[in-house]
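Visitor: Here you go, one structure.
The values are calculated or read from the model by the stated rules, or taken from the named source; none is laboratory data. Here the structure is a predicted model, which is why all the values come from computation and not from measurement. Note that we place each Cβ from the backbone using ideal geometry, even for glycine, and neighbour counts take in every protein chain shown. Each accessible area value is taken on the protein alone, full model and side chains, heavy atoms only, with ligands, DNA and RNA left out. Shrake-Rupley method; radii C 1.70, N 1.55, O 1.52, S 1.80 Å.
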Amino acid sequence: MLGKRIVRNHVKDFSATPPASGARGDRPKLLDGGTNWPAVIAALDRAGYQGWGISEQPGNQAADVETARDLAQRMDKIFAL
């Protein structure tokens, strides 16, 4: 429905199950939640979206080189779908 009106893509994952820690605002790592990424990417492709995507994950998921690399690799996997 939005088509060419999509100007930004904020990438985040969600889960219908509450986080194990019980902390509010916890979000699963990309690809570990319930998001149907193949459907999301297909919808963006159908809309003709060619812009960028920015991670909207909690800071602790990119707090150091190792976790930032993991996040980048997960985003690469999503965009390769």
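Visitor: Taking residue 37 as meeting all but one of (1) open to solvent by 50 Å² or more (accessible area, probe 1.4 Å); (2) modelled with pLDDT of 90 or more, write down the number of the exception.
Guide: Of (1) open to solvent by 50 Å² or more (accessible area, probe 1.4 Å); (2) modelled with pLDDT of 90 or more, only one is false for residue 37: (1).
Visitor: Mind listing whichever residues of region 36-81 are without any contact (Cβ under 8 Å) to a residue 12 or more places away in the chain, more than 21 Å from residue 15 (Cα to Cα) and in a loop (DSSP other than H, G, I, E, B)?
Guide: Answer for region 36-81, where residues must be without any contact (Cβ under 8 Å) to a residue 12 or more places away in the chain, more than 21 Å from residue 15 (Cα to Cα) and in a loop (DSSP other than H, G, I, E, B): 50, 63, 64, 80.
Visitor: Same structure, new question: Considering (1) exposed (fewer than 10 other Cβ atoms within 10 Å of the Cβ); (2) at pLDDT 90 or above; (3) not β-branched (Val, Ile, Thr), say which one residue 29 fails and leave the rest.
Guide: With respect to (1) exposed (fewer than 10 other Cβ atoms within 10 Å of the Cβ); (2) at pLDDT 90 or above; (3) not β-branched (Val, Ile, Thr), residue 29 is out only on (1).
Visitor: Among what's in region 55-73 and is over 11 Å from the mean Cα position of the chain (by Cα), of a type in the set (A, V, I, L, M, F, W, C) and loosely packed, with under 15 Cβ neighbours inside 10 Å, pick the residue that is farthest from residue 28 (Cα to Cα).
Guide: 65
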